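Q: One structure is given below, represented as C-alpha cells, and several questions about it will come after.
Just so you know, all these numbers are worked out from the coordinates, no wet-lab data involved. What you see is a predicted model; the values in this text were computed from it and never measured. Here the Cβ is made from the backbone with ideal geometry for all residues, glycine too, and neighbour counts use every protein chain on show.
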Amino acid sequence: MALARCETCGTPQSLKNNYPHSHTLPYSVNIKILCGARCCARRGFIWLTDEEERQYLDGQRDFRIPNRFLEVHVA
C-alpha cells in the first residue's frame, strides 16, 4: 500500500516494505493528502514500493493508502 509523507519527513520507514518512489497528486485534485508521519500536517507526496512503481509504469494510477477510506490517483 502506498504511503504519504511530506518533503521534510522524507522517505517512509517501514519494517516490511521500502518506499523509494515519490509521486505527486494531479493538480486538479481538490483533496489534500497530508503527511502520515506522527505530528506532521504538511501536504504529502505519495510514496510507492518497487512493485507499486512497476504497476504505475504499466499504467495503473490508483493506489490505496492504509488506514484511510480512499484511493489516490497518482500523477
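Q: Going by amide H atoms built from the backbone, whose H comes under 5 Å of the H on ILE65, apart from near neighbours?
A: Result for ILE65 returns LEU70, VAL72.
Q: Right, another one. Could you order peptides 49-59, 3-13 by the average number of other Cβ atoms within 10 Å of their residues, highest first?
A: 3-13, 49-59
Q: Note down the nm distance, to one decimal, between modelled labels 7 Å out along Cα→Cβ at ASP62 and at ARG38.
A: If labels sit at ASP62 and ARG38, their model points lie 3.4 nm apart.
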